[in-house]
Amino acid sequence: MITSHTPDREPTRDYVAEGWWSNRTLIDVLDEVVGRTPDKTAVVAPGGVRLSYGALFAQVERVAGNLAAAGVGKGTVVSVQLPNCAEFVVVHLAVTRLGAITNPLLPNYRAKELEYILKFARSRVAVTCSTHRGFDFGEMYLELRPKLPDLEAVYVVGGDDRAGLTGFGALLADAPAVREAGHRGDDISALIFTSGTEAAPKGVIHSHNSMIYATAQMARVVGLTADDVVWMPSPISHGTGFTWGVRQAISLGATLVLQDIWDAEEALRLIEAERCSFVLSATPFVTMMLDSPSLATRDTSSLRVFGCAGATIPRQLGEQARRDIGCTLIGMWGMTECFVGSASGPHESDDRLWETDGHAMPGAELAIFDAERKTILPPGEVGELATRGPHVAAGYFNDPQRTAETFRSDGWLFTNDLARMDADGYIRLVGRKKDIVNRGGLKISAREIEDLLIEHPAVEQVVLVPLPDHRLGERACACVVARPGATVDLDDLVAFLSARGVAKYKLPEFLSVVDALPMTPSGKVQRHVLRDEILEGRIPASCAPAAR
């Protein structure tokens, strides 16, 4: 069972008195929306599923009643491993109704990841799908159950009852009304494990207050209302889709449109058919929509704002999206530990939108610290980005050491992101502490070189990774996805950077041209995968460097 904030993680300010925390839950909001607009479409999901708010509420009540009968109550962890479907929304709201905790799990997790997470979280109940994309999830959970003594029940969407598994239909059966759980705003609502970049994922715990704050302030900055249609093509089992899809839509009383498997043609069809107006997702999705041959035939005029997470917005991409799709791309920064730390509003200048990662959200703070995390650096200097405020998580579940390393007692969350801040408070990320090439003691920021190379006419996508070198320690390799029909040449890239005044030691000394960059489901590049594949010889890297 997970309860509220640990004593040493109490907020440094009274966010309730300041008005940033409402002490409400998403169920409080849902009840109001259902009373106001029961016939409004709440969820549009794959397979032709459409649920009104009234129908959604009815399913939530039945599922909550049956989960309660199965022993789920306040503080119970319920793990949900489902694709983008209406059942995910129903289960999350039902779990929230009971005061229990939703633990969303990516569909691409398999037995190794699941055994670690479910055991660590002490999940009592899991909800999954029978099969998805050709994989038998039910069989996997049957094999896992003997290793998970806390797991008492597994419900399967799209499957029937069998030994050890219960069909999801059992949760939709009539059930007694649920008694209110006595929610508090600082009760934990979600346990979300980080993904993609670390061997041992961390379980981030967020309260109702921090999550309601996040969606309320995103709506304030971007200008979202109940009339918006929130489109989500990223996995809603990941922090991005979970927060900026499911919870953003429900908190507004808006319509949520879910896309399960990424496909640019299906994306354009959904935008046109459902009149989608807002999305926060991976920047490469924009590029793929712009490259679609059917874009000119689709009406995308409803899409106002595309919040770009996980990658830089090249100016030419922002301009093309505005011209050809009709939406404004917004630069922003966030992480599971704080969801959103900075953003720009769509009304701000192009320089702010695309040359920065925004400013602190209302009520929150940003600062750039020195390497010892003791001194806040002046504008223009590069250091570690830190943030504090009502958006910051309560900490890491059952991990006091990493909580102490990341969440300081004075409220600052240290991010391991390197950034600079200008005099007006706008930040620009320049990379991760680990995204540094250490060439003979001289540090090269991968982000700095990537931001320049993305402007090369032959470059579609690019990341810089370090390759080991016996003399200098590391040398830089540019991993490039070429634009259709273009040829990428190392000497040309070096000349391109040199013409822009880049110091000689920062120039890439290796080039690997790849068909695609390995990504996490949230759109983050898996640099370690590229590096390992190069070192293992699975992808080639040319090396014809001039002497440095």
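Numbers for the structure displayed
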read-out	value
Restricting the range 430-448 to residues that are touching a helix residue (DSSP H, G or I) at 6+ places or on another chain (Cβ under 6 Å) and without any contact (Cβ under 8 Å) to a residue 60 or more places away in the chain, the residue that is surrounded by the fewest Cβ atoms within 10 Å (Cβ to Cβ)	Val430
Inter-residue pairs, beta-carbon under 7 Å, first within 17 Å of Met519 (Cβ to Cβ) and in contact (Cβ under 8 Å) with a residue 12 or more places away in the chain and in the range 229-240, second of a type in the set (Phe, Trp, Tyr) and surrounded by fewer than 24 Cβ atoms within 10 Å (Cβ to Cβ), 6+ apart	Pro233/Trp262; Pro233/Phe285
Flag for Asn103 being among the polar types (S, T, N, Q) and either part of a helix (DSSP H, G or I) or more than 22 Å from the chain's Cα centre (by Cα) (or both)	no
When residues of the range 157-170 are limited to those that are in contact with a strand residue (DSSP E or B) (Cβ under 6 Å, 6 or more places away or on another chain) and of a type in the set (A, V, I, L, M), the one nearest to Ile27 (Cα to Cα)	Val157
Residues (in contact (Cβ under 8 Å) with a residue 40 or more places away in the chain and in contact with a helix residue (DSSP H, G or I) (Cβ under 7 Å, 6 or more places away or on another chain)) located in the range 126-163	Ala126, Val127, Thr128, Cys129, Val157
Of all residues in the range 441-460 being of a type outside the set (Lys, Arg) and part of a helix (DSSP H, G or I), the one that is nearest to Arg500 (Cα to Cα)	Leu452
Qualifying residue in the range 460-476 (condition: out of contact with any strand residue (DSSP E or B) (no Cβ under 8 Å at 6 or more places or on another chain) and at pLDDT 90 or above)	no
Residue that is farthest from Arg220 (Cα to Cα), among those in the range 356-385 that are under 21 Å from the mean Cα position of the chain (by Cα) and among the hydrophobic types (A, V, I, L, M, F, W, C)	Leu385
Selection within the range 234-247 - out of contact with any Phe, Trp or Tyr (no Cβ under 6 Å at 6 or more places or on another chain) and either β-branched (Val, Ile, Thr) or assigned to a loop (DSSP other than H, G, I, E, B) (or both)	Ser234, Pro235, Ser237, His238, Thr240, Val246
The range 244-260 residues that are surrounded by fewer than 24 Cβ atoms within 10 Å (Cβ to Cβ), paired with ones that are of a type in the set (Lys, Arg) and assigned to a helix (DSSP H, G or I) (beta carbon under 8 Å, 6 or more apart)	Gly253/Arg36
Some residue of the range 268-283 being in a helix (DSSP H, G or I) and modelled with pLDDT under 95	yes
Residue that is surrounded by the most Cβ atoms within 10 Å (Cβ to Cβ) [pool: residues in the range 131-158 that are assigned to a loop (DSSP other than H, G, I, E, B) and over 29 Å from the mean Cα position of the chain (by Cα)]	Glu152
In the range 306-354, residue surrounded by the most Cβ atoms within 10 Å (Cβ to Cβ) [restricted to those that are of a type in the set (S, T, N, Q) and part of a strand (DSSP E or B)]	Ser342
Any hit, the range 509-519, residues being more than 30 Å from Leu106 (Cβ to Cβ) and in contact with a Lys or Arg (Cβ under 7 Å, 6 or more places away or on another chain)	yes
Hits in the range 374-421 - residues which are among the charged types (D, E, K, R), within 17 Å of Ile192 (Cα to Cα) and in a loop (DSSP other than H, G, I, E, B)	Asp399
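The values are calculated or read from the model by the stated rules, or taken from the named source; none is laboratory data. Keep in mind it's a predicted model, so treat the numbers as computed, not measured. Neighbour counts are summed over all protein chains in view; Cβ atoms, including those assigned to glycine, are modelled from backbone coordinates with ideal geometry.
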